[in-house]
Structures are given as C-alpha cells and as structure tokens.
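Before any comments, here is the structure.
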Amino acid sequence: MFPPLPTKRAHLYCKKIFEKLKSGALRLKQMSAPSEERDGHGVMLGVLICADKDSNKIILNAVSGNSLVPDGECEGIWVPPIVTSEQIAAALAPNDAPIHELTDKLKAAPESEKRAISEAREKLTTQSLQKVHALYAFHCIDGTVRTLSDICKKKLPPTGTGDCCAPRLLNYAFSHNLFPVSMDEMYYGKPTQHKKSGVSYAPCDERCALILPAMLGLEIRYRDNDILVVNKPSGVLSVPGRGIEKQDCIVNRMKRLFPRTIMYPSVHRLDMETSGLMVLAFTKNAQRNLSMQFESGTVRKQYVALLDGVLEKASGLSAPKHGESSGRMELAFSLDWERRPKRMYDEEHGKLGITDWKKLGYNWYCGADGTNRKVTRILFTPLTGRTHQLRVASADMHGFGMPIVGDSLYGKCEQGGRLMLHAQYLSFTHPATGERIEFACNADF
C-alpha cells in the first residue's frame with residue numbers, strides 16, 4: 001500500500017534506532033520462545049511522530065511482532081503490542097493438542113481418509129484463528145473502536161494481522177488523543193528477496209492494508225504535497241451535504257487527517273453509492289488545475305459495473321444488436337424535478353452524455369435470498385461527466401434498459417446490497433509536475 005502519512009521526519013528517527021541496533025547500544029529482547037518459522041528473520045522498526053492537544057511533539061516507536069521489547073535508551077515512547085504473546089498462546093491452547101494429533105494422524109492415514117481429517121483440522125485451525133482475532137481492537141481517528149472481526153468481515157485475515165508497526169502506532173496515538181504527523185517503517189535484519197536492512201518500506205499489503213483504511217477513514221492510493229488519490233467506499237458521500245447527518249464524507253475525512261488541506265479540495269464527485277478512485281487537491285493551484293482538466297474532458301475515467309441480467313436480452317433502444325460487444329451511447333438527459341435526485345431522458349432540454357462501453361463477460365450474482373442469477377460485467381468509459389450518466393445509460397429504455405445491480409434509484413437494491421458500480425481507472429496530468437499519471441483500482445465484486 002502507499003504510505004498514508006508523510007515519511008520524511010519519522011525516517012530520521014527510524015535511522016537513529018537502526019544505527020543504535022547496529023552499534024549494540026540498543027538490543028531487542030525476545031520475551032517468548034522464538035518460533036522456528038520466524039527464527040533468524042528481520043523485523044520492521046516503526047516511528048510515528050505525533051502532536052498532542054498543545055502541539056507538543058510526541059515520538060512513538062514500535063517493533064513488529066508481539067514478543068520483542070527494546071533493551072536500551074532511545075528517544076520517545078515504545079508502544080507495546082495490542083495483544084501480547086501470552087494472550088495469543090492462551091487463545092490457541094484449547095485446540096493446540098487436537099490440531100497436532102490430527103496433523104500426525106493425517107501423515108499416517110490412507111488416502112481415502114485424508115480429506116475428512118484435513119477438514120477436521122482446518123475447522124479447528126479456523127476456530128483458533130477466530131479466537132485470536134477476537135482479541136484485537138483498534139482505536140480509529142473518528143473516536144470509534146473497531147474489532148478486527150468487524151473490519152475484516154469478508155474474509156479471515158492472515159495470522160499476525162494487527163502486529164505490524166503501523167496499526168500499533170496509530171492505535172496508541174488515537175487512544176491517547178495524539179494527532180499523527182509523520183510515519184515511517186524501516187527493515188532491520190537479514191536481507192530477504194524483498195527487503196534490505198536499513199531501507200524504509202510502506203505498510204504491508206497483506207495485513208496493514210486490511211486495517212489502516214478503517215483506522216484512518218481513507219484508503220489512500222497516492223499522496224504528495226499537491227494531490228490525494230483515494231479509493232472511496234460505497235455508501236460514503238464525496239462531499240458534505242446538508243445537515244449534521246451528512247457531514248461524514250471523503251472531503252471531511254481528508255481534512256481530519258490532513259488539517260492543512262484547503263477549504264474546498266474536491267475537483268469531482270462520485271455518487272454516494274459508487275465506489276472507486278477519487279482525486280482531491282491539497283492546494284488552491286492544484287484544485288484549480290484539476291477542475292479545469294475535468295471540465296475540458298482531458299481526464300480519462302473507466303468504470304466497471306454489473307448489469308442486472310444478460311446484455312443480449314436487454315430491451316433498451318441502445319442495447320447491442322447482432323452480437324455487438326462494444327459501442328457508444330449518446331443520450332441527453334436532465335434533472336427529473338418531481339423525483340429528485342433522479343435524472344430522466346430529455347432529448348429537447350437535456351445535456352448530452354456520451355459513454356463508450358465494452359462487455360467483459362458474465363458473472364453469477366448471489367441475491368439477498370441466496371439465489372444466484374446471471375449478470376453482465378461491463379466496462380464504461382464516460383467521455384462526459386453528467387450526474388448519474390452511467391446509471392441512466394444502463395437503466396433507461398433509450399439506453400440498455402437494464403439497470404446496474406443494486407441501483408436504488410433506477411433499479412432495485414436488496415437489503416444489505418450495494419450499487420455494483422466502481423471507478424477503477426483514473427488518468428490526468430499532475431497539476432505541479434505536468435506529468436501524465438494514472439491509477440488503477442480493481443473492484444471488490
């Protein structure tokens with residue numbers, strides 16, 4: 001993942017810790033029996049520079065894992081693990097012996113019995129992992145405390161999730177009302193295929209990327225002094241609306257994490273129900289430049305969507321004919337004043353929306369009732385930026401006549417469902433460097 005916070009200031013303190021370890025002025029003591037799997041492996045050293053409510057600088061230090069503690073003097077506070085090795089051992093103990101027995105039994109069992117034994121062992125292993133995960137809870141920037149199970153609802157996270165430096169440092173900061181300013185992580189130990197001792201690395205994709213977006217309120221795909229690119233989740237507003245209940249949005253989350261952000265950093269919007277890539281500006285010059293790029297149509301965008309049915313059976317006037325798998329739709333539509341915020345086809349007074357499309361194939365979609373139905377995966381490339389452009393092009397009878405799955409305005413959204421529309425690609429000219437840059441972010445459906 002991309003480093004969520006500036007790294008420069010924290011890097012200097014990481015380097016100091018690294019040099020003290022090399023010289024022997026600082027040691028890392030093993031507080032539990034070392035595992036064979038981790039024996040001889042290196043560790044990550046983490047530093048988070050924070051500010052307290054009086055703007056005093058607070059330095060937080062951490063080492064990855066949950067069984068190493070520093071022995072020696074070092075500037076700042078050493079942050080303890082969120083869950084200790086003793087707590088983990090206690091959670092694993094009830095199933096430990098049965099798992100080992102099944103492992104031995106599996107080695108000696110005939111082929112006809114291996115599957116049943118393997119499934120029984122996997123069931124116990126999963127139970128043990130779930131007990132360990134239940135021990136982890138993370139303080140977030142918005143003041144909430146979220147469990148690992150709540151954050152990782154869709155799949156069981158890997159072992160060690162929550163033991164890395166970044167979530168540990170941020171958890172301590174948020175639980176002590178400290179504001180994060182700069183964070184860096186440096187590898188210390190035997191070189192590996194992917195890491196060299198003394199080199200800084202971003203938080204890991206395997207574990208940290210599962211937790212940090214929830215803790216920070218943003219999934220950051222890129223950040224520099226001028227722009228911020230995030231992956232907006234479905235169900236979150238792009239900009240604040242009217243009323244207290246509509247203040248939680250990407251813009252306000254950005255301002256909360258980066259207080260020096262300008263008043264109006266947005267340059268474009270995604271519908272609340274749409275997920276995917278958004279770019280925002282830290283400076284007025286960047287905001288002005290990016291806004292002009294969107295207005296002039298030089299920004300390239302691509303969306304992936306699931307249409308609710310088989311495209312060849314669509315009844316709309318723009319539905320594909322004679323086996324077409326790609327095409328272009330040009331539809332004029334305007335605000336439906338009586339059913340706001342819906343848009344409607346309006347050839348006389350509407351604004352033209354131009355969309356290129358390409359059929360990518362078919363998927364099986366499981367509905368709220370547990371039944372599967374066939375849906376069409378499609379790639380949209382909008383050449384204009386009209387409100388609800390892709391949703392209208394899909395659902396309206398002048399378009400495909402087939403709504404996007406989960407569209408609460410133009411189709412049907414089942415309980416617990418979401419709009420299956422994701423902004424997966426974004427390309428524009430960097431407002432400061434003039435370089436053409438691009439970002440891609442796959443949908444989770």
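The values are calculated or read from the model by the stated rules, or taken from the named source; none is laboratory data. Only a predicted model underlies this, so the values are computations on that prediction, with no experimental measurement involved. Every residue, glycine as well, gets a Cβ built from its backbone with ideal geometry; the counts of neighbours run over all protein chains shown. We work out accessible area using only protein heavy atoms, side chains counted, and drop any ligands, DNA or RNA first. Shrake-Rupley method; radii C 1.70, N 1.55, O 1.52, S 1.80 Å.
Per-structure values
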quantity	calculated
Condition check for Ser197: of a type in the set (Ser, Thr, Tyr) and buried (at least 16 other Cβ atoms within 10 Å of the Cβ)	no
Strands (runs of 3 or more DSSP E) fully within region 33-115 counting 1 or more residues that are without any contact (Cβ under 8 Å) to a residue 60 or more places away in the chain	57-63, 68-71
Residue identified as in contact with a helix residue (DSSP H, G or I) (Cβ under 8 Å, 6 or more places away or on another chain), without any contact (Cβ under 8 Å) to a residue 40 or more places away in the chain, farther than 30 Å from Val83 by Cβ and crowded, with 19+ Cβ neighbours inside 10 Å among Val251, Val267, Val239, Val279	Val267
Candidates Ala62, Ala109 - the one that is within 30 Å of Ser200 (Cβ to Cβ) and surrounded by 13 or more Cβ atoms within 10 Å (Cβ to Cβ)	Ala62
Qualifying positions in region 152-192 - of a type in the set (A, V, I, L, M, F, W, C), open to solvent by less than 30 Å² (accessible area, probe 1.4 Å) and farther than 15 Å from Leu212 by Cβ	Leu178, Met186
Criterion: of a type in the set (Gly, Ala, Ser), touching a residue at least 40 places away in the same chain (Cβ under 8 Å) and either surrounded by fewer than 17 Cβ atoms within 10 Å (Cβ to Cβ) or part of a loop (DSSP other than H, G, I, E, B) (or both) - qualifying residue of Ala305, Ala319	Ala319
Contacts under 9 angstrom Cβ, first residue in region 16-28 being closer than 14 Å to Val63 by Cβ, partner open to solvent by less than 70 Å² (accessible area, probe 1.4 Å) and in a helix (DSSP H, G or I), 6 or more apart	Leu26/Ile17; Arg27/Leu21; Leu28/Leu21
First in region 402-428 and in contact (Cβ under 8 Å) with a residue 12 or more places away in the chain and open to solvent by less than 40 Å² (accessible area, probe 1.4 Å), second anywhere and in a loop (DSSP other than H, G, I, E, B) and among the basic types (Lys, Arg), Cβ under 7 Å, 6 or more apart	Gly406/Arg418
Those residues of region 46-58 which are surrounded by 13 or more Cβ atoms within 10 Å (Cβ to Cβ) and either more than 17 Å from Leu26 (Cα to Cα) or of a type in the set (Gly, Ala, Ser) (or both), in sequence order	Gly46, Leu48, Ile49, Cys50, Ala51, Asp52, Ile58
Residue list for region 172-203, restricted to those being over 21 Å from Cys140 (Cβ atoms), more than 23 Å from the chain's Cα centre (by Cα) and among the polar types (S, T, N, Q)	Thr192, Gln193, Ser197
